[in-house]
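Remarks on the structure that follows.
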Amino acid sequence: MLSDSTTLTLLRRHHLFDKLPEGVFQEVCGLANLRRLETGDSVFHQGNTADRFYVLQNGQIKLTRVLQEGQEKLVEVIHPGQSFAEALMFNGARHYPVTATALKACTLVSIDANHYRRLLEEQPRICLDLLASFSIRLHQRLHEIDTLTLANASRRVVRYLCNAQNSDGQINLSVPKRLIASQLGIQPETFSRILHRLIDAGLIAMERRNIRVLDTTSLVNYCE
């Protein structure tokens, strides 16, 4: 059962919980629990029974999938405030399609997926709000798939940098470059080589894990 006010506030602000009536929200929290993991600990493994979903309170979680040829592919890095494995409640999947591992020491909320789904079945109006949210996330995923399918390595890196920069053109690589490369579907050395080309072209500056975009317009047009 959850009782910490910080955790309850985190959940209340999340799109899976912000529309729940108070009584329903308290019922969900009554069956939820906190999990704490150290770096390298696993939340679940690919193929495990999918009976819970999660909201990350602090730390970082990576989702990876082992492909048929045995290669491990980074699917996503989860940051505080984000949820993962919730879509499995609705698509009928019985097993996790990925492995979730702590990149940093983590605290996460573990929620009973079957119980949450049963509550939603009693609240059809809330389901419409969730469908809208899932639709947005689906379009984001489709956009990422298009990028990986249609763009060459340089375009993938450029698009990643353009999307990752803040309003000041700053990018902090919060995860190792090899993981970013995996997410972009390229080799780590290819990722590093493209970054150096962009530095030589005067488009970005880089110091350790901090990148500064010097000319956004030219960066966007770099691969055209």
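What follows is calculated from the coordinates using simple rules that are stated; it is not laboratory data. Everything numeric here is computed off the predicted structure, so don't read it as measured data. Heads up, the Cβs are rebuilt from the backbone with ideal geometry, glycines too, and the neighbour counts pull from every protein chain shown.
Things to note:
- For the chain, modelled as a GNM whose springs connect Cα atoms under 10 angstrom apart, the maximal fluctuation among ILE111, ILE194, ILE61 occurs at ILE194.
- Rounded to the nearest 20, the size of the Cβ-charge dipole of segment 151-220 about its Cα centre is 240 debye, with Lys and Arg at +1 and Asp and Glu at -1.
- Span-like helix ranges in the chain, DSSP H, alpha carbon extent 30 angstrom or more, Kyte mean at least -0.5: 124-150
- Only helical runs count toward this figure. For the chain, summing -39,500 (n - 2.57) over DSSP H runs of n ≥ 4 and dividing by all residues gives -13000 deg cm²/dmol at 222 nm.
- With the charge dipole of the chain set up from +1 on Lys and Arg Cβ and -1 on Asp and Glu Cβ about the Cα centre, the Cα lying farthest toward the positive end among the listed residues SER110, THR6, ASN172 is that of ASN172.
- Cβ-Cβ FRET estimate between GLU189 and LEU31, R0 fixed at 35 Å, reported to 0.05: 0.15
- Of all the options ASN172, ASN91, ASN58, the one that moves most in a Gaussian network model of the chain with Cα springs shorter than 10 angstrom is ASN91.
- Across all Cα atoms of segment 5-136, the radius of gyration (one decimal) and Dmax (whole number) stand at 14.8, 48 Å.
- Relative contact order (%) - criterion: Cα under 8 Å, at least six apart; region: the chain: 19 percent
- Of every Cα-Cα pair in the chain, the percent that sits beyond 33 Å: 25 percent
- FRET E, pair VAL66, ASN91, Förster distance 25 Å, beta-carbon r, rounded to 0.05: 0.80
- Assuming charge only on the beta carbon of Lys and Arg (+1) and of Asp and Glu (-1), the dipole of the chain about its Cα centre is about 360 debye to the nearest 20.
- Distance between the 7 Å Cα→Cβ label points at ARG13 and GLU207: 3.0 nm.
- Segment 151-220: C-alpha pair distances exceeding 20 Å, %: 17 percent
- Simple Cβ-charge dipole of segment 1-92, Lys/Arg +1 and Asp/Glu -1, about Cα centre, in debye nearest 20: 100 debye
- With a cut-off of 13 Å on the backbone N, the residues of segment 187-206 near the modelled label site 7 Å out from SER218 along Cα-Cβ are 198-205.
- Put simply, when 98-107, 202-211 are sorted by average Cβ atoms within 10 angstrom per residue, most first, you get 98-107, 202-211.
- Computed from the C-beta positions of ASN48 and ASN114 and an R0 of 22 Å, the FRET efficiency is 0.90 to the nearest 0.05.
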